[in-house]
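None of the figures in this text is laboratory data; all of them are computed from the coordinates on show. Because the structure is predicted, anything quoted here is derived from the model rather than measured. Cβ atoms come from the backbone with ideal geometry, glycine included; neighbour counts cover every protein chain shown.
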Amino acid sequence: MLIFFWTNLRLYGHKMGMFALLLSATLSMSAPAQAASVKHVTASNGIVTITFDDVVHKASVFSLAGPNRIALDVEGIDRLGSANRNTVPDDVAIRSVRLGQYNNSTARLVFDLDRPAIVTGGKFSSDGKQLRLNVRTAADGEFTSTLGTGRTIFLPPANFRSAPPKKDYAARARIKKNSSSALKIYGPKDSSLPLVVVDAGHGGHDPGAISPHGGIREKNITLAIAKKIRDRLASTGRIRVALTRENDKFLVLQDRFGIARKMKADLFISIHADAAGSHAANGATVYTLSEVASDREAQKLASRENKADIINGINLGGADDNVSSILIDLTQRETMNVSADFAKILLREAKPNMRLRSNSHRFASFVVLKAPDTPSILFETGYLTNKQDVAFLSTANGQSKIADSVTKAIQAHFSRKR
């Protein structure tokens, strides 16, 4: 059984990102001779301090993007303990920390960042029961440069180091191979009509944001909205629609847009509800893939040995890296343009029905936006930390207005394409 909980360093943690994948991983490992638990996590003046109730074997830190995070793996931990909650001062870029049992002898701490930050150094205490990390804010380029550098390893003093695991371990994510027959397609039976895949964010053991106004969970809000959109689209008789999930189940991020690709969807929409440290933050936002994220993903795709299924309908297996990079780049940029165009239409149709944030079309590198050949958006429908937004998102009337906005935008989008 995987045990996990969240420790908020400011107020509200949000996107699970890769942490959701970690919770779904299956691993095997022999337990070390000694094992500890995480006792405290604190931050002050650019120093993050993690305290353990016993010695650990080693720790390693690395950076993650989409959204920006710093991850810390600590070997020699077999239980999470009762890490306390502490407020981070404004000079530290960490918004929240999430703690999970990666496997039966390793814990992972994920530090969600308000702005780019890097670990510049760190050291264990002389008794091996405390690790201090030096964290400072960084420019976007400096943070990005850390993504491919691998892990920085920290070791306690040799005489205060727990025994290492007896066997190496291997992580294997259980990625369900969905096919077009795995999901029900609603609406007309004509396969020539556009297919839209609607993704209800979070689910299962991943609740997403939890509202302080009634404890409403993001995973339930997103599913209710996704079903409203499904029903509204199917009723038009001109659009086919499928949901990535129709109940309270967990899907890893790659599976979500992977489903859309396997089904050769014409559009992918991921539904979310945001959270913020300020209760005043309100309104909806539409995200599409950022230019930087697109370039990085294209490079990663082009470097894969098996290129046969990178772009639906184009087999790149016989192409060299230069040709592959050009074809992928052209495809992904066209996909980005289509996504951005749809985002504008959606905001136009949503404006009469719901509150929108200023600068409501934004760019990010969320994992679910990274399909190279499927136009994709992430729709943050409002803030669960805002009382008025919660009242809107949790009612049938509010959910219907969102569904109407999305449906009108989709109809307009495909009418323009025709």
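At Thr395 and Asn359, where each label point lies 7 Å from the Cα along Cα→Cβ, what is the point-to-point distance in nanometres?
3.1
Could you give the nm distance between label points at Phe250 and Leu193, where each point is 7 Å from its Cα heading toward the beta carbon?
For the pair Phe250/Leu193, the computed spacing is 3.6 nm.
Assuming 0.890 mPa s and 25 °C, estimate D for region 230-288 with Stokes-Einstein, Rh taken as the Kirkwood radius over Cα pairs, in µm²/s. If you can, show how the numbers build up before the last one.
Working: Rh = 14.1 Å.
This corresponds to a translational diffusion coefficient of 174 µm²/s.
Return Thr407, Thr236, Thr288 ranked ascending by Cβ neighbour count within 10 Å, so the fewest neighbours appear first. It would help to have the intermediate numbers written out before the result.
Working: Thr407 23, Thr236 15, Thr288 26.
If I rank by nearby Cβ atoms, fewest first, I get Thr236, Thr407, Thr288.
If the viscosity is 0.890 mPa s and the temperature 25 °C, what Stokes-Einstein diffusion coefficient in µm²/s follows for region 355-403 when Rh is the Kirkwood radius over Cα pairs? Mind dumping the intermediate values first?
Working: Rh = 12.7 Å.
In µm²/s, the coefficient rounds to 193.
Between Gln388 and Thr120, what is the label-point separation in nm under the 7 Å Cα-to-beta-carbon projection?
Placing both labels 7 Å beyond Cα along the Cβ direction yields 4.2 nm.
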